[in-house]
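What follows is a short report on a single structure.
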Amino acid sequence: MAGDSRRRSPNTKGGKVGSGGNGRQALEGRGPTPKAEDREYHAAHKRKQSVERLAAKRGQAAPGRSQGRPQAQGRPQNQTRTPGKKTAIEDLVTGRNAVLEALRARIPATTVYLAARVEVDDRVREILSIAAHREIPVLEVMRPELDRLTGGDLLHQGIALAAKPYEYAHPFDLLDRGRPPLVVALDGITDPRNLGAIIRSIGAFGGSGVVLPQRRSVGVTPAAWRASAGAIARVPVAMASNLAQTITEYKKRGVFVIGLDGGGDVQLPAFELADRALLVVAGSEGQGLSRLVRELCDQIVSIPIGRATESLNASVATSIALYAIAASRAAAE
């Protein structure tokens, strides 16, 4: 058309030439979607800011900032990786009773993990109250994430507490607790549930603490915390580099050492030395007391049981012995 200054495509009848690149930016798109923690409106971003503010307040590096490698939001730095297993946080106390007792005892905690839409009871309310008072961050996570953080532990009851590594006591410090002291030593116990149950019995019957050997023994783990129902927060656990040497030193300090074994020389009801400073040594279910530890015991004590039962679980036998000693001491008083 005459006077039409618009350019026509030379190849297409009546067609127009393109925009000359004016719309190129719109066609290129906006790039990759940012991570959830980098989106200001996302809950993950708010949790990240909360953790970073708390870390800055404590003078620590915020999670995900160390060594230039980002980490999952809310995950403490003290982690352990086991081949073939999911990543779990070390020193993670799980279960409502265990978490509550740990907080009541003011163990150094770093984070409370709470499952989304968890049923809130009196224990959870007290946990949240203590956490708020001590300025411990509370992170709400989905249950699958909490399962992963706890290493697949499905008995966490929707709550977990990340704490600093457990500080073991010195074996000789236990002799300053109780008059007279009553200490338990475990020879070859590898099941954390047995350890937790024994610690719970020690707390119930007035024991002074428990001594664990550094080798071939279980330590304080989340499973032990849960089995003790939080009693680990009140009962000291000591670590001995050499259990035999520790027993020898105990004897030099006037402690009477008794070993629990089904083939003992004396049956527990006939035991009449409960008013003395005592070290009760329990062995593993399979091996019992090791040869050297057995030789160091002043007396081997057995618990009478029916013929239909071959033996008692280590935690059950220790609990019965502690009850008998506590009853004997109460009668003497």
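Of the candidates 286, 259, the single residue that is of a type outside the set (A, V, I, L, M, F, W, C) and in contact (Cβ under 8 Å) with a residue 24 or more places away in the chain is 259. Residue 162 meets each of the listed conditions (1) of a type in the set (A, V, I, L, M); (2) within 20 Å of residue 106 (Cα to Cα); (3) touching a helix residue (DSSP H, G or I) at 6+ places or on another chain (Cβ under 8 Å) apart from (3). On inspection, residue 52 does not qualify as modelled with pLDDT of 50 or more, assigned by TED's automatic domain parsing to the domain that holds residue 157 and more than 23 Å from residue 235 (Cβ to Cβ). Entry remark, segment 271-299: residues being outside any loop (DSSP other than H, G, I, E, B), more than 17 Å from residue 322 (Cβ to Cβ) and over 34 Å from the mean Cα position of the chain (by Cα) number 1 in total.
Rundown of residues vs (1) in contact with a Gly (Cβ under 9 Å, 6 or more places away or on another chain); (2) outside the structural domain of residue 231 (by TED's automatic domain parsing); (3) buried (at least 16 other Cβ atoms within 10 Å of the Cβ), yes/no style:
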residue	(1), (2), (3)
93	yes, yes, yes
96	yes, yes, yes
99	yes, yes, yes
105	yes, yes, no
110	no, yes, yes
125	no, yes, no
136	no, yes, yes
142	no, yes, no
146	yes, yes, yes
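Quick one: in segment 300-333, which of the residues that are in a loop (DSSP other than H, G, I, E, B) and of a type in the set (Ser, Thr, Tyr) is surrounded by the most Cβ atoms within 10 Å (Cβ to Cβ)? By that ranking, first place goes to 311. Across segment 208-222, a minimum of one residue is classified as in a helix (DSSP H, G or I), of a type outside the set (Ser, Thr, Tyr) and either crowded, with 23+ Cβ neighbours inside 10 Å or touching a Lys or Arg at 6+ places or on another chain (Cβ under 7 Å) (or both).
The values are calculated or read from the model by the stated rules, or taken from the named source; none is laboratory data. Not measured: the values here are computed from a predicted model. Virtual Cβ from ideal backbone geometry, glycine too; neighbours counted across all protein chains shown.
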